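The structure under discussion appears below in the form of structure tokens.
Throughout, read-outs are computed from the coordinates displayed, never taken from laboratory work. What you see is a predicted model, and the numbers here were worked out from it, not measured in a lab. As a convention, Cβ positions derive from the backbone with ideal geometry for all residues, glycine included, and neighbour counts pool all protein chains shown.
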Amino acid sequence: MNIPANESAADRAARHELLRAARAAGLDVTGGILRRTSSRFCFGVEHGDYNGTELFGVGTDRFLWLAAKPNGTDQVRVASANFPADGVMTFRPGATPPPRAPALADHFGRFVAGADFVLRRAGHATARGFDAALFGNIPGGGMSRSASLTINLLLTMLDLNGLRPRNDWDVIEMAQAVETDYIGSPCGQLDQIMIYFARAGMGTHYTPRTRAIRHIPLGPAAPDFRILSLDTGTVRPGLEKSTYKIRRAECEELLALTREEFGLSCLADVRDPAVYERMLSRHGAAHPHLCARLKYLFAAQQRFADLLAAWTAGDLPAVGRIFRADGLGLRDDYQISGPELETMCDIVRTVPGVLGERMLGGGDKGAAGALALAEAAPAVRAAVAEAYPRSRPHLADRYAVHECRMVDGVVSLAPPEETGVGA
């Protein structure tokens, strides 16, 4: 086929995988919709979304691709190139398994069914059957694979049914609801916001009180740099099975303890150092673990304005220092990291030219991340290749270092065609 000149090698490889998966499953996606959604890299505040903080991050070029085409039936049929053993997810629109169905607990199809369930609940009348294939190269934990998938599914199902979302926030809220209401994963909206609104070459700044989205170009003084995803080779279970769920419950517990006493609507309201010190004095002895969570959130918010200023100025060493400080707080105070994630951080921290590093995402497992000068990237790869297998020999054939660039979060590509695609 005539592939656009600006299409990447990753897009061409994904098209091949999608067509291969569709053929293997007896599905036809040729000539249909092909949409790509990104991963994300959060610079701050990780775990701030469900606590009401401002957010800042970028879309990154590890992707989820979805090809889909109407099949002339009343059945949705979806295959995954990443999870072929799961078989084809098949259901009739409006007749999905109930939320949190045990039979779908570890099946990729829970996201497909959840998207249909949430769309119909929101008044979007899905009815058209279609064939679809999925393929992704986003590491399993830390770069928001599930949010990328749900956004892609929702937008594609709307397109196939001739529907449109009411507005951008309709998409964000439905994507969150697929995970919270249908799957049972207690996620916030950080991942969905950072992917859906991502723009190439820019950071996305979200202010929750006004729901304002601002795109901030990286300052022209910035040196050549790399965003690095440090995939530990571990796979984090869903948020509903992870420490994330515990930390979120702890933050809710602390808010319940302090809401009336300190006039709080969320923990992000704790910005005044005097109020912060009073809270620690009042509850630190009885609830030291809850106050430790607040310590991270308070410090991260204190750094946030400096983060935006450094980004706007192109002062990447300062961005890196703030990113590193956040990582130490997430490790020591929020206690959401994991041993493999910290091994990666410890390794790359020793490499000259690495500006900052920390765990990414929900925690426990998955990927860490680093910000580094471009010339340091080969040394990072070499250091990880030498040290990580020694520390984690059981993961010696699973880890990876990915160099990422800033990209648009949602992109439509040329339709998939069999011409020129090998078997």
Requested in this report: Sequence neighbours fewer than 8 away in the same chain don't count; with that in mind, list the lysines whose C-alpha is under 23 Å from LYS245.
Outcome: LYS295, LYS365
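Net charge near GLU252, counting Lys/Arg +1 and Asp/Glu -1 over other residues with Cβ under 13 Å of its Cβ? Kindly include the intermediate steps, with their values, before the conclusion.
Details: positive: LYS245, ARG247, ARG248, ARG259, ARG293; negative: GLU250, GLU253.
It works out to a net charge of +3.
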Query raised in the report: Under unit Cβ charges (Lys, Arg +1; Asp, Glu -1), what dipole magnitude, rounded to 20 debye, does the stretch 121-173 have relative to its Cα centre?
Result: 80
Report summary line: Here FRET efficiency (C-beta to C-beta, GLU261 to ALA221, R₀ 51 Å, nearest 0.05) is 0.65
Report task. Could you state the angle between the C-alpha long axis of helix 377-391 and the longest principal axis of the C-alpha atoms of the chain, as a value from 0 to 90 degrees rounded to the nearest 10? Result -> 80
Report summary line: The alpha-carbon center of the stretch 102-164 and that of the stretch 23-64 are separated, in whole Å, by 12
**Report entry** Whole-Hz couplings from phi, Karplus 6.51/-1.76/1.60, listed for the stretch 31-40; x for Gly and Pro
**Finding:** x, x, 6, 10, 10, 10, 10, 8, 8, 9
Query raised in the report: Can you list residues whose amide H is under 5 Å from LEU355's amide H, if they're 5+ apart or on another chain and H is modeled 1.01 Å from N?
Result: LEU371, ALA372, LEU373
Query - Sequence-distant residues sharing a close amide H with GLY188 (under 5 Å, placed H) - result: none
Requested in this report: List the residues whose amide H sits under 5 Å from the amide H of GLY203, counting only those 5 or more places along or on another chain, with H placed 1.01 Å from N in the peptide plane.
Outcome: ILE216, LEU218
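Based on Cβ point charges of +1 for Lys and Arg and -1 for Asp and Glu, what charge dipole magnitude is obtained for the chain about its Cα centre, in debye rounded to the nearest 20? Show your work: numbers first, answer last.
On the way: 47 positive and 48 negative charges, 70 e Å.
Roughly 340 debye for the chain.
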Report task. Give me the angle, in degrees from 0 to 90, between the Cα long axis of helix 288-313 and the longest principal axis of the Cα atoms of the chain, rounded to the nearest 10. Result -> 80
Query - Cα gyration tensor, the stretch 238-341 - rounded (a/c under 1.5), prolate or oblate - result: oblate
**Report entry** Per-selection metrics, the stretch 219-404 (Cα): Rg and Dmax in Å
**Finding:** 18.1, 53
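For a quick check: sort GLU54, GLU7 by the number of other beta carbons within 10 angstrom, fewest at the front. Please list the in-between numbers first.
On the way: GLU54 21, GLU7 15.
So the residues, fewest neighbours to most, are GLU7, GLU54.
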Query raised in the report: So what are the ³J(HN,Hα) numbers for the stretch 324-340, from phi and the Karplus equation (6.51, -1.76, 1.60; θ = phi - 60°), rounded to whole Hz, Gly and Pro as x?
Result: 5, 4, 4, x, 5, x, 5, 6, 8, 9, 7, 6, 10, 7, x, x, 5
Query - Distance between modelled label sites at ASP170 and ARG390, nm, 7 Å Cα→Cβ extension - result: 5.7
Query - Rounded Å value of the spacing that divides the Cα centres of the stretch 278-293 and the stretch 337-370 - result: 28
Report summary line: Once the dipole of the stretch 117-231 is set up from charges on Cβ (+1 Lys and Arg, -1 Asp and Glu), the residue from the list ALA221, THR150, LEU134 lying farthest towards its positive end is ALA221
